[in-house]
Amino acid sequence: MINRRQVLRTASAGLVAVIGARQLGAQGLGVKALVFDTFGTVVDWRGSIIAEGAIWGKTKGLTVDWARFADRWRSGYAPAMDKVRTGELPWTKLDVLHRTMLEDLLKEFGISGLTEMEKDHWNRVWHRLKPWPDSVSGLTRLKKKFTIAPLSNGNVSLIADMAKNAGLPWGLILSAELARHYKPDREAYLSACEILSLKPEEVMMTAAHRSDLEAARSLGLRTGFIYRPNEYGPTRQADSAKQGDFDVVSTDMLDLASKMGA
């Protein structure tokens with residue numbers, strides 16, 4: 001007959017095994033550094049532009065649908081970078097691409113009479129994006145165990161300003177600008193590994209966008225998915241993933257930290 005002590009011993013062993021398996025799941029990946037997409041993954045670009053636009057527009061006496069303005073600005077992001085990636089444009093950093101898009105948007109939305117200084121300030125709204133509520137605390141936990149850095153298509157000065165304004169605790173700043181190739185070009189990912197002096201399999205690309213992770217995975221990087229259901233507001237469904245789609249699938253930055261044992 002199995003006595004109570006044996007039952008408790010068996011249950012305790014099972015619990016230890018489960019906890020150990022979870023910890024091994026993170027540690028067994030062999031990851032030494034996590035690099036992060038920023039726009040949408042770490043910061044709320046849409047909500048930030050809407051909020052700042054509403055305040056700025058009020059001071060300027062402008063009546064603008066700032067949600068639509070933000071969406072239109074972001075919709076030009078990929079096509080503008082594709083012109084660089086295909087050679088139609090020489091290497092051009094994102095601040096300059098954003099400014100070109102802004103000039104078109106000002107005409108589209110009937111906004112006139114702005115000085116060059118005002119246009120430059122508004123273009124730098126991308127430097128002032130606010131983090132998702134879990135981003136700073138989750139990154140702070142991860143930094144205690146791993147090297148953490150952005151790997152964004154944003155230029156270095158943009159990402160550095162964003163970190164300062166949002167309190168993002170990066171260990172260093174990585175950017176597509178350093179490779180002079182925008183993601184998903186292979187050079188953007190592999191240059192980050194080289195700068196970190198790590199093998200691709202020792203680096204985890206972390207993003208809320210499947211295409212970013214799939215490109216990184218094809219080059220041997222580990223992948224971590226973070227679900228950001230509100231990135232696009234009501235205009236577009238955010239990417240989602242189920243367990244097993246990527247090395248780690250998490251609901252937010254704190255969940256990612258937990259799953260990585262941080």
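Quick notes on this one:
- Checking each residue in the stretch 184-197 for being touching a strand residue (DSSP E or B) at 6+ places or on another chain (Cβ under 8 Å) and touching a residue at least 60 places away in the same chain (Cβ under 8 Å) picks out Ala192, Leu196.
- Selection within the stretch 228-242 - surrounded by 17 or more Cβ atoms within 10 Å (Cβ to Cβ) and farther than 21 Å from Tyr189 by Cβ: Glu231, Tyr232
- If you go through the stretch 194-205 and keep only what is surrounded by 21 or more Cβ atoms within 10 Å (Cβ to Cβ) and touching an Asp or Glu at 6+ places or on another chain (Cβ under 9 Å), you end up with Met204, Met205.
- Helices (runs of 4 or more DSSP H) enclosed by the stretch 49-143 - at least 1 residues per element that are within 18 Å of the chain's Cα centre (by Cα) and more than 24 Å from Ile173 (Cα to Cα): 66-75
- Residues in the stretch 141-154 that are surrounded by fewer than 21 Cβ atoms within 10 Å (Cβ to Cβ) and either more than 15 Å from Ala33 (Cα to Cα) or among the basic types (Lys, Arg) (or both): 4 in all.
- Some residue of the stretch 7-28 being under 26 Å from Pro133 (Cβ atoms), buried (at least 17 other Cβ atoms within 10 Å of the Cβ) and modelled with pLDDT of 70 or more: no
- Residue, surrounded by the most Cβ atoms within 10 Å (Cβ to Cβ), within the stretch 51-84, restricted to residues that are over 17 Å from Leu106 (Cβ atoms) and among the β-branched types (Val, Ile, Thr): Val84
For every residue, the table says whether it meets (1) small (Gly, Ala, Ser); (2) farther than 30 Å from Thr140 by Cα.
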residue	(1), (2)
Val35	no, no
Gly40	yes, no
Ala54	yes, yes
Lys58	no, yes
Val64	no, yes
Gly76	yes, yes
Glu88	no, yes
Leu97	no, yes
Glu108	no, yes
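The values are calculated or read from the model by the stated rules, or taken from the named source; none is laboratory data. Worth saying up front: this structure is predicted, and the values here are computed from it rather than measured. Positions of Cβ are backbone-derived with ideal geometry, glycine not excepted, and every protein chain shown enters the neighbour counts.
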